[in-house]
Amino acid sequence: MKEISNVTGKFILLRFYKYYIIDSIIIAKNHGIKELFKRRGWKFLLIIISYYAVRDTVIYLIIPYLVAKGIIGL
């Protein structure tokens, strides 16, 4: 069962990447950022900002804190 769940999760992420992210890049390149926001809405901008906020928090705050505490040895 674990293997089926893993494949299904990868498939969902692949579909998301293929149909949403790549399509958004194509829209932005062909029609510009304004058209991308017209088609995707402001939720798209919030998703991008949230992604980078979480990523940067992990990279610049959580990992250095864990290294300083000795929990992670790099």
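Values quoted throughout were computed directly from the atomic coordinates according to the rules given, and no laboratory measurement underlies them. No experiment lies behind these values; they were computed from the predicted model shown. Here the Cβ is made from the backbone with ideal geometry for all residues, glycine too, and neighbour counts use every protein chain on show.
Numerical summary
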| read-out | value |
| --- | --- |
| Net charge of neighbours whose Cβ lies under 13 Å from the Cβ of residue 31, counting Lys and Arg as +1 and Asp and Glu as -1 | +3 |
| MRE, 222 nm, helices only [DSSP H, n ≥ 4, -39500 (n - 2.57), over the chain, to nearest 500] | -23000 deg cm²/dmol |
| Under 30 Å between alpha carbons - lysine pairs in the chain that sit 8 or more apart or on different chains | 13 |
| Residue of 20, 52, 60 that the Gaussian network model of the chain assigns the largest fluctuation, springs spanning Cα pairs under 10 Å | 60 |
| Max mean-square fluctuation residue, GNM over the chain, Cα-Cα springs under 10 Å, options 45, 14, 36 | 14 |
